[in-house]
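The values are calculated or read from the model by the stated rules, or taken from the named source; none is laboratory data. Remember, predicted model here, so these are calculated numbers, not experimental data. Glycine also receives a Cβ, built like all others from the backbone with ideal geometry; neighbour counts cover every protein chain displayed.
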Amino acid sequence: MPFDVRRFDIYRKVPKDLTQPTYTGAFISILCCVFILFLFLSELTGFIATEIVNELYVDDPDKDSGGKIDVSLNISLPNLHCDLVGLDIQDEMGRHEVGHIDNSMKIPLNQGDGCRFEGEFTINKVPGNFHVSTHSATAQPQNPDMTHTIHKLAFGEKLQVQKVQGAFNALGGADKLSSNPLASHDYILKIVPTVYEDLSGRQRFSYQYTVANKEYVAYSHTGRIIPAIWFRYDLSPITVKYTERRQPFYRFITTVASLVRLHIGGGQAGGVWRGEEVAEALLGQMSVLVVVEGLS
């Protein structure tokens, strides 16, 4: 008798003429197909979607910046003439710049009675401050009005990712128009280095910051001190890193294969289909019992 390898087939087919379709089986089959489709679409959505993973570490992420941080400032002072508005920068490395004008613009407001200051500049990665004041004006006004609205204050590269909820422009929209016109404003900033790495591995360097503020009228032995809008900053040693990740393709294929295990050549299926067979058998047995009870 010749050796027949088919004897090792553990998924033997049953001739179709020995099987009988039922309404119960058809109903359960449709439910299983819908359920499998739902699971497949869920897995596909999870595979396509990008996950954002964050981590914290102690390091300077942007060592190629030369120890500098880009700053973008946009602020409106509706009751202070543009000739009086200036930006001063100083830090613990000895920098003291009065009336910074590079990459800055002054836009008159309220028919020239107010001013909108827009500027981009750099600061050193050491504690310091920059402030909007009248210190650079040729003649100091008697009662400068420092009420203001901050439209934007951001550090580093522009980073707008919907899935990252951060404080990249924490002072955006800050309104001090109802404050004491003669008061100085202190904004205490804690700058947090932030790295965003996309799926391609490209990194963008930005900075989030937290803020606390106070306003006050300052005096010295010679009288009232000219008010200003101060932004005092310090850097956090902790870096926040956001990394885009996507589910590996092999894991997606493995998960989908586990939903419907089709066996080549066997004509039988596993997974959900096995559950269908059990459910159909139970329902069929219950139907028989109901019929038997009715006859008795």
Residue match in the stretch 253-262 (condition: outside any helix (DSSP H, G or I), at pLDDT below 85 and under 30 Å from residue 54 (Cβ atoms)): no
Members of the stretch 88-116 that are buried (at least 16 other Cβ atoms within 10 Å of the Cβ) and touching a residue at least 40 places away in the same chain (Cβ under 8 Å): 88, 89, 116
Tally of residues being without any contact (Cβ under 8 Å) to a residue 60 or more places away in the chain and part of a strand (DSSP E or B) across the stretch 53-87: 3
Residue list for the stretch 16-43, filter: free of Cβ contacts under 8 Å to residues at least 60 places away in the same chain and under 33 Å from the mean Cα position of the chain (by Cα): 37, 38, 41, 42
Meets criteria (assigned to a loop (DSSP other than H, G, I, E, B), of a type in the set (S, T, N, Q) and closer than 30 Å to residue 114 by Cβ) for residue 200: no
Top-ranked residue of the stretch 58-86 - restricted to ones that are under 23 Å from the mean Cα position of the chain (by Cα), of a type in the set (Asp, Glu) and at pLDDT below 85, ranked as surrounded by the most Cβ atoms within 10 Å (Cβ to Cβ): 62
Residue 37 being loosely packed, with under 12 Cβ neighbours inside 10 Å, within 25 Å of residue 203 (Cβ to Cβ) and of a type in the set (A, V, I, L, M, F, W, C): no
Test for residue 122: is it crowded, with 17+ Cβ neighbours inside 10 Å and among the polar types (S, T, N, Q): no
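Table: residues versus (1) hydrophobic (A, V, I, L, M, F, W, C); (2) modelled with pLDDT of 90 or more; (3) buried (at least 16 other Cβ atoms within 10 Å of the Cβ).
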| position | (1), (2), (3) |
| --- | --- |
| 139 | yes, no, no |
| 166 | no, no, yes |
| 189 | yes, yes, yes |
| 227 | no, yes, yes |
| 240 | yes, yes, yes |
| 244 | no, no, yes |
